[in-house]
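Input: a single structure, listed below in structure tokens.
Quick note: the coordinates plus some simple rules give every number you see, no bench work behind them. Computed from a predicted structure; not experimentally measured. Ideal geometry is used to build each Cβ from the backbone, glycine not excepted, and the neighbour counts take in all protein chains shown.
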Amino acid sequence: MIYGIAAFISFAIVFASVPPLRILALRLGFVDRPTQRKIHNKPIPLMGGAAIFIGCVIAMFVCIGFTPLTWTILSGGTVLVIVGLLDDASKAKGKEFPVWPRVILYLGAASIPTLFHIHIAGIANPITGLFISFPDWLSWLTTMIWVFALINMINFIDGVDGLASGVCTLSALTLLIVALIKGQPSTAILAIIVAGACFGFLVHNFYPARIFMGDAGATFLGFTLAVIAVDGTFKKATFITLLVPLLALGLPIFDTIYVMMRRLISGKGLHRADKLHTHHLLMKWGLSQVQTVSFLYLIAALFALLSIILLLAIS
């Protein structure tokens, strides 16, 4: 029953808080303005990330309480939401937030899970069952790389109405099932909270979107999903179970690899925004926004199904 309560709390808070935040954003001019690269043709409010953060944090402390896991999400999430809102504010004024300060702060947030002993401790040999512990530096490094990567990957796919919020809903539900199978209730509750928050936002964000989550929401969700994966699967994984969270988050991972390869081939900067993402390609082929998002939902669901099948096969 706690899972239903947790999902309802996060869903209700996000669903109810979006309309007043949308009005506030419009009054302040806190909007994502149309450009040649973007596909919307009118200013869209950008404060959705604040609603997602508030809904997740309140539901988290009500349903889980004060634990290393919840303090990790609160600490890292606060840093990312503040940076994201500053970045979104710059975009609203037609400016670009400096890249390197943002990267440094993302790395700082990515290191926070290790401070609360949430880290990739090592890997088990699937044949002998012998667990190989990582030295501290490698444990910290692998955890930071994973979290930093997911922060950016979710941000990268947030380019079409409803895409990031829908994909994060599917990924969170997949990590929920993984946590339940592995008997990790706190991780499972956090996963269902994220799913509820994302779905509550998706109601307002699906085409035609009335609000965007912005960098604040996308980076927070990337961070939270990365921490859930580390706490639920990566902590002490085998070579095979490493694939479970990678498949659960398969769509943003695949899209990022695809985009980075195309940017390298074309000689563009890896951090430069462009129209090389999978959703841009599908729309260039003639799919509408709804068709594009629906197709990518299907791909994300297939990745999720594969991850669950793999986990059940090796359990």
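Between I2 and E96, the modelled label-to-label distance comes to 4.7 nm, taking each label 7 Å out from Cα in the direction of the beta carbon. A crude spin-label estimate for the pair Y258 and I145, with each label 7 Å from Cα along the Cβ direction, gives 2.4 nm.
Across the stretch 90-98, computed HN-Hα scalar couplings (Karplus, 6.51 cos²θ - 1.76 cosθ + 1.60, θ = phi - 60°) run 5, 5, 4, 9, x, 10, 10, 6, x Hz from first to last residue, x flagging Gly and Pro. Between A124 and I132, A237, T238, F239, the built amide H atoms are under 5 Å apart, and every one of these is 5 or more places off in sequence or on another chain.
Comparing L80, G65, V227 along the charge dipole axis of the chain, the residue lying farthest to the positive side is L80, per the Cβ-charge model. Its Cα centre serving as origin, the stretch 117-237 has a Cβ charge dipole (Lys and Arg +1, Asp and Glu -1) of approximately 260 debye.
Here the Kirkwood formula puts the hydrodynamic radius of the chain at 19.5 Å, using every distinct Cα pair.
Straightening the chain between A16 and V103 buys 28.1 nm, computed as 0.36 nm per residue apart minus the Cα-Cα spacing. According to the Kirkwood relation over distinct C-alpha pairs, the hydrodynamic radius of the stretch 191-232 is 11.1 Å. Scaling the Cα radius of gyration of the stretch 1-134 by the globular reference 2.2 N^0.38 Å produces a ratio of 1.36.
Assign unit charges at the C-beta atoms only (+1 for Lys and Arg, -1 for Asp and Glu), then state the dipole size of the chain relative to its Cα centre in Debye, rounded to the nearest 20. So the magnitude is around 760 debye. How many percent of Cα pairs in the stretch 1-69 exceed 18 Å? Summing the P(r) tail past 18 Å for the stretch 1-69 gives 51 percent. Here is the size of the stretch 104-168 from its Cα atoms: Rg then Dmax, 15.4, 47 Å.
Among the trypsin sites (Lys or Arg not before Pro) in the stretch 48-126, those located in a DSSP loop and surrounded by at most 15 other Cβ atoms within 10 Å of their own Cβ are K93, K95. Sequence-ordered 3J(HN,Hα) estimates for the stretch 213-221 from the Karplus curve with 6.51, -1.76 and 1.60 and θ = phi - 60° stand at 7, x, 4, 4, x, 5, 5, 4, 5 Hz, glycine and proline given as x. The C-alpha radius of gyration of the stretch 159-240, expressed as a fraction of 2.2 N^0.38 Å, stands at 1.15. For the stretch 44-103, applying the loop criterion from DSSP together with a ceiling of 15 other beta carbons within 10 Å to the chymotrypsin sites (Phe, Trp or Tyr not before Pro) yields F66. In order along the stretch 161-169, the phi-based Karplus estimate (6.51 cos²θ - 1.76 cosθ + 1.60, θ = phi - 60°) of 3J(HN,Hα) comes to 3, x, 6, 5, 5, x, 5, 5, 4 Hz; Gly and Pro are listed as x. Taken along the Cα-to-beta-carbon direction at a fixed 7 Å, the label points for F134 and L242 span 1.0 nm.
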